[in-house]
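> One structure, as C-alpha cells, below. Some questions next.
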Amino acid sequence: DSVVVKMIPDNRLPPRHLHAVHTGKTFAVIKWESPYDSPDQDMLYAVAVKDLVRKTDKIYKVKSRNSTVEYTIKKLEPGGKYHVIVQLGNMSKESSMKINTVPLSAPDALKIITENDHILLFWKSLALKESNFNESRGYEIHMFDSLMNITAYLGNTTENFFKVSNLKMGHNYSFSVQARCLYGGQMCGEPATLLYDELGTGKDPSATKSGQATDVAAIVVPVLFLLLVTLGVGFVVLYMRHRRLQSSFTAFANSHYSSRLGSAIFSSGDDLGDEDDEAPMITGFSDDVPMVIA
C-alpha cells in the first residue's frame, strides 16, 4: 500500500544555493533556487544590494515561478565591494553573499624616459579602452625601493605623464601607475608596473628596453634601406655594362661574319706582320747616287 503526502509550502524558508554566475566591471549575474521545489505560483523576491564602500543600499524586486532564478544586478562600479541579500517578499529568512566587481584595467604602454636629473613616466590614456573611466578621475603613482624595502606614494595626476626626481644612485625602483583610488583607497584600478634598474650607471634602465629598441630601429632601418638602394644601383650598373658588352661583341662578330663560310673569321694577330718582315726596309736616298729614270 502507498499514500501520497503533499507538504504545505513554507514561505518562511530562505532561497537556496545563492551564488554568483558571472561578475563584470559594472554588473554581476547571481543565481538561486526557490525555498522549495516546483512552486505553484509566482514568488516575489527582494534583492538587497549593499555598497560596502559608499555605504548605500538598493533593493530590487524579482517575481518568478521557476525553481531556479537568475538575475543581473546592474549599475555597479568597477572595483566595488557589495553585500547581496535575497529573501522572499514577506521578509522570510535570507540568503546572502559578497561580490567584488572587476577593477579597471591597468594603463597600457608604461615606459620611462631618463633625463639629466630626473625621469619621466609615460603611459597611454586609460579612457582609450575603458568607457567607465573619466580622465578627471586621474591616476596615482607608487614607487617601491627594493634596496630599502619601502613603498612610497608619489602623488596623482590627470595627465599621461609624471616627473620623478631625487632618485638615489645604485637603487632599484619599481613604479606603478593605476586609476586613482576612490573612497578611502578602496576602489582602485589594476596597476601597471615597470622596473627601473639604475645600478648607478646613469644610463637608461632596463625598464626602457622598448624605448631603446625603438631608437635602435630608428638607426638600423635607414642603414638597411641605404644598403638595399646601393645594392640595387650596383645591380643596375652591372646589368647595363653587360648589355653594352654584349651589344659590342655582337656588332664586332657581325662585321667579321663570312656568308660564304657561314662563320666569323678572326685573325690571331701573329700573321699580320709577316709580309712586312720579308719586305726590304726602305732607307733614305744618298746625294751621290745618280737617279736613273727609264
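> Determine Rg/Rh for region 16-100; Rg is computed over alpha-carbon atoms and Rh is the Kirkwood hydrodynamic estimate from the same atoms.
0.97
> Quickly rank 61-74, 18-31, 219-232 as a protection proxy: mean count of other C-beta atoms within 10 Å, highest first.
Those peptides, ordered most packed to least, come out 18-31, 61-74, 219-232.
> Would you mind checking LYS61/LYS129; LYS25/LYS63; LYS31/LYS63; LYS58/LYS129 for any pair whose Cα atoms are more than 24 angstrom apart?
Violating the 24 Å limit, Cα to Cα: LYS61/LYS129; LYS25/LYS63; LYS58/LYS129.
> What does the charge count near HIS19 come to, summing +1 for each Lys or Arg and -1 for each Asp or Glu among other residues with Cβ under 14 Å from its Cβ?
Around HIS19, the charge tally is +1.
> Apply the Karplus parameterisation 6.51 cos²θ - 1.76 cosθ + 1.60, with θ equal to phi minus 60°, to every residue of region 219-233 and state each ³J(HN,Hα) to the nearest whole Hz, in sequence, with x for glycine and proline.
8, 5, 4, x, 5, 4, 5, 5, 4, 5, 5, 4, 4, x, 5
> Right, something else. Under the rule of at least 5 residues apart or a separate chain, name every residue whose amide H is placed under 5 Å from the amide H of LYS25.
Sorted by chain and number, the residues that satisfy this are VAL102.
> Quick one: accessible area per residue over region 16-100, 1.4 Å probe, rounded to a whole number of Å²?
Accessible area per residue: 57 Å².
> Please report the carbon-and-sulfur percent of the accessible area for region 108-197; probe 1.4 Å, protein heavy atoms only, DNA, RNA and ligands left out.
49
> Then there is this: Could you sort 173-179, 161-167, 33-39 so that the peptide with the highest average Cβ count within 10 Å comes first and the rest follow in order?
173-179, 33-39, 161-167
> Right, next: Using the Cα centre of region 108-197 as the reference point, and only Cβ charges (+1 on K/R, -1 on D/E), how large is the resulting charge dipole? Debye, rounded to the nearest 20.
80
> Of the peptides 45-58, 80-93, how do they stack up when ordered by the mean number of other Cβ atoms within 10 Å, highest first?
80-93, 45-58
> Could you state the accessible area per residue of region 108-197 in Å², with a 1.4 Å probe and every protein chain left in place?
55
> With a 1.4 Å probe and all protein chains left in place, how much of the accessible area of region 16-100 comes from carbon and sulfur atoms, in whole percent?
47
> Nearest 20 debye, what's the magnitude of the dipole of region 17-69 about its Cα centre given +1 on Lys and Arg Cβ and -1 on Asp and Glu Cβ?
420
> Now for a separate question. Could you give me the ³J(HN,Hα) list for region 169-175, computed from phi with Karplus coefficients 6.51, -1.76, 1.60 and θ = phi - 60°, whole Hz, x at Gly and Pro?
For region 169-175, the Karplus curve yields 5, x, 9, 9, 10, 10, 10 Hz.
The values are calculated or read from the model by the stated rules, or taken from the named source; none is laboratory data. Since the model is a prediction, treat every value here as computed from it, not as a measurement. In this analysis, Cβ positions are derived from the backbone assuming ideal geometry, glycine residues included, and neighbour counts consider all displayed protein chains. These accessible areas exclude ligands, DNA and RNA; they are computed on the full protein's heavy atoms, side chains included. Shrake-Rupley method; radii C 1.70, N 1.55, O 1.52, S 1.80 Å.
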